[in-house]
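Right, one structure below, let's go through it.
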């Protein structure tokens, strides 16, 4: 099973928390209003 999460690119505390728990960055998405979301994923094997 794979988990994918998104948070604001500038949300450093959330990004640090996800990375601490084994999530890896996969891409950035720019929304129409200019907000940039960062997507991260983690698979069951990456415990």
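The values are calculated or read from the model by the stated rules, or taken from the named source; none is laboratory data. Remember, predicted model here, so these are calculated numbers, not experimental data. Ideal geometry is used to build each Cβ from the backbone, glycine not excepted, and the neighbour counts take in all protein chains shown.
Tallying residues that are under 26 Å from residue 45 (Cβ atoms) and assigned to a strand (DSSP E or B) within segment 1-24 yields 7. A search for C-beta distances below 9 Å between a residue of segment 25-44 that is at negative phi and outside any strand (DSSP E or B) and any residue that is surrounded by fewer than 10 Cβ atoms within 10 Å (Cβ to Cβ) and at pLDDT 95 or above, counting only pairs 6+ apart in sequence or on different chains, returns 44/2.
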